[in-house]
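The values are calculated or read from the model by the stated rules, or taken from the named source; none is laboratory data. Owing to the predicted nature of the structure, the values given are computational and were not obtained by experimental measurement. As a convention, Cβ positions derive from the backbone with ideal geometry for all residues, glycine included, and neighbour counts pool all protein chains shown.
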Amino acid sequence: MLRHDLLRRLHRALRPRTYLEVGVNDGRSLSLSRARSVAIDPAFKVTVDLRADLHLVRSTSDEVFTTPGALSHLRGRPVDLGFVDGLHLAEFALRDFMHLERLTTPGSVVVVDDVLPRDVPEAARDRHTLAWTGDVYKVVDVLRRYRPDLVVLEVDTGPTGTAVVLCPDAGSQVLHEAYDEIVEHLVTPDPQVVPASVLGRTHAVDPARLLASPAWSALRLLRAHRRPDPGRVREAVADLVEPRPAGPRRAGGALMAGPREVALALSLARRRGDDLVVRVQRPPGSPGGRQRAAAAAARRRADGRRRGRGGTARLRGGRDLHRSRGRARRLDEPGACTCAPGVARSGSARSCGCPRTARSPCSGATRPARRAPPRRRRPGPPAPGPVRWPTACSPCCPPTARCASAGPSGPPAGGC
């Protein structure tokens, strides 16, 4: 699942009233919002349609967050959903989160992008690759170390991962007071020492499992309170606090991905000149070739019964239908077959007179089913045969008798 797919599903699950985005670029993530929105970027170049009550600010995030009235478009409402995708340096991403947290409630959700680089060159502070995450991955470790009250989840999204932060506290001053100390440890020269758990995504959560959690509907209900109780919010997201990891995903290992991720991986491999082996595997539980063929044959048989090609079908309620050449009748209808099963057969028909054959047995018949009338044929020349006289040959012959010795010129003189 790509990051924009995750954002789209979060918008649907949370139905945020307000949305704030840092880092617009071409506007693809901003186009997912239908709420009252504020977007900040000093050099945005929007190329998509935007359908929201939007205030787009061409400025740096530090200037906007420190200028009184710059966020008046939100009308004093807290931010229900925030997205941080600004400058890809750890100190700037951390500062954006700190400013954004001041505008939230315990029921808000903040998403931070580019926290799972795929290799060390992508995580460099000085950009020299096409795809670049910078050292934003360090923000996750800082939040977990300095703010254990937060719920920080790494999500295994493509291409470079995201982090979902729950239970923010607008009144917390921990990060503001320790910011200078944190920056001293964050800023290190290249190459960066990226942990193996980040490159392998061993602690990342499966996005499908994350979105299937009932926590989102609970957060939506708690949002109705002016200031939701943090304890109730933690209870709502309890199933996400200890998530099941999605498993390692390293280059050269098994990659469980959809069509979009495979296409993206192939394009990146072509650019880098790497070899990528894609193995198409049927998901567990999906039908095999024989099962699909059997299901198709069953559908064809069902279509044949619906079209009246013989056989016995079932009506709703358990009544049997006796089908005979285009017409279906119930077994208790006059003219239907009612003979008991097991009656002896002679040839292709039963001895009771039932027209059903052994291949298409019925469940009984003292009255054969009525057949369709024969087709009309054009009259042709009369067939040759013995002469029938309209009257008797002699008083001893019956009126419709046929004289065995009659010829073409009439009856014999001596009678029959």
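State which residue is farthest from the chain's Cα centre (by Cα) when the search covers only the stretch 168-180 and only residues that are over 14 Å from Leu81 (Cβ atoms) and outside any helix (DSSP H, G or I).
Going through the qualifying residues, I end up with Ala178.
Just one of Gly107, Gly23 is crowded, with 16+ Cβ neighbours inside 10 Å, under 29 Å from Gly231 (Cα atoms), at pLDDT below 95 and not charged (D, E, K, R); which is it?
Gly107
In the set Val38, Val46, which member is closer than 27 Å to Arg9 by Cβ, surrounded by 15 or more Cβ atoms within 10 Å (Cβ to Cβ), within 36 Å of the chain's Cα centre (by Cα) and at pLDDT 95 or above?
Val38
From (1) in a loop (DSSP other than H, G, I, E, B); (2) more than 21 Å from Val38 (Cβ to Cβ), pick out the condition that doesn't hold for Glu122.
The one condition Glu122 does not meet is (1).
Please indicate, with yes or no, whether at least one residue in the stretch 221-242 is outside any helix (DSSP H, G or I), over 20 Å from Val111 (Cβ atoms) and among the hydrophobic types (A, V, I, L, M, F, W, C). Write out each step before concluding.
Just the residues of the stretch 221-242 that are outside any helix (DSSP H, G or I), to begin with: 223-229, 237, 242.
From the residues that got through so far, the ones that are over 20 Å from Val111 (Cβ atoms) too are 224-227, 229, 242.
Applying the additional criterion that residues be among the hydrophobic types (A, V, I, L, M, F, W, C) yields 224.
Yes, because at least one residue in the stretch 221-242 is outside any helix (DSSP H, G or I), over 20 Å from Val111 (Cβ atoms) and among the hydrophobic types (A, V, I, L, M, F, W, C).
Among the residues of the stretch 135-155, count how many are acidic (Asp, Glu) and surrounded by fewer than 22 Cβ atoms within 10 Å (Cβ to Cβ).
Residues meeting the conditions: 2.
Can you tell which of Pro148, Pro78 is free of Cβ contacts under 8 Å to residues at least 12 places away in the same chain and in a loop (DSSP other than H, G, I, E, B)?
Unique residue meeting the criteria: Pro148.
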